[in-house]
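Worksheet for the structure shown next.
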Amino acid sequence: MTIETVIYLAIALVLMTLRRIISGIKNGAFYAKGNKYETPKLDKYINNLHFAETPAWYTQFGAVFFFLLAFFRASNPEVSFYVISIQLIASYLIMSGSSAMASYHFQGYINHGSNFPWVDLNENPKSEFAIKIGKKDISFWWNRPWCGKRRKYTPYLGVISIVAGFLAINLLT
């Protein structure tokens, strides 16, 4: 195993460790919501769960990306722009495809918990990106193309993305 592979695996493991901590934050926010005692370490997340959910997504799927990249680099450690580009693209396509496959159910459960239909035709077309970096809170809303009835197609697009990633990596064999 090369040092390069170990570095990618280490990054993925650190991201999964952070993901587990964020899971604790989300659980703590769930249990603390509505309690009468103070929870200063959780108040930000109780008031806006997106401050936990945004980094949860990035750490989880960032780890998937680096696990895939470690595997692809270990399988073909050739150092050329073409090979590394294909490995990066394949890792991204597979990672984003796995996220897209879950999108329909992910939002469906959120809608269900909010007393909306599983597929809400009036769903907010925007998504909040919220993260704390150091002492700075960053939060903004962005337009998402896959909302409402279009969301039911995301699992299929996810499968296509995963297949495309494996076809791309197959170009190297």
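The values are calculated or read from the model by the stated rules, or taken from the named source; none is laboratory data. It should be emphasised that the depicted structure is a prediction, and the values quoted were computed from it without experimental measurement. Here the Cβ is made from the backbone with ideal geometry for all residues, glycine too, and neighbour counts use every protein chain on show.
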With the condition being within 20 Å of ILE162 (Cβ to Cβ) and small (Gly, Ala, Ser), I'd like the helices (runs of 4 or more DSSP H) fully within the stretch 1-85 carrying at least 1 qualifying residues. 3-32, 50-75
Cβ pairs under 6 Å, 6+ apart or interchain, first in the stretch 39-54 and among the charged types (D, E, K, R), second crowded, with 20+ Cβ neighbours inside 10 Å and outside any loop (DSSP other than H, G, I, E, B), ordered by first then second residue, are LYS44/PHE51
Restricting to the stretch 127-150, give me the number of residues that are in contact (Cβ under 8 Å) with a residue 24 or more places away in the chain, more than 16 Å from the chain's Cα centre (by Cα) and part of a loop (DSSP other than H, G, I, E, B). 1
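Determine whether the stretch 20-41 contains at least one residue that is of a type in the set (A, V, I, L, M, F, W, C), under 30 Å from LEU88 (Cα atoms) and modelled with pLDDT of 95 or more.
The initial filter retains those residues of the stretch 20-41 that are of a type in the set (A, V, I, L, M, F, W, C), namely 21-22, 25, 29-30, 32.
Now restrict to residues that are under 30 Å from LEU88 (Cα atoms): 21-22.
If we keep only those that are modelled with pLDDT of 95 or more too, we end up with 21-22.
Yes: the stretch 20-41 contains one or more residues that are of a type in the set (A, V, I, L, M, F, W, C), under 30 Å from LEU88 (Cα atoms) and modelled with pLDDT of 95 or more.
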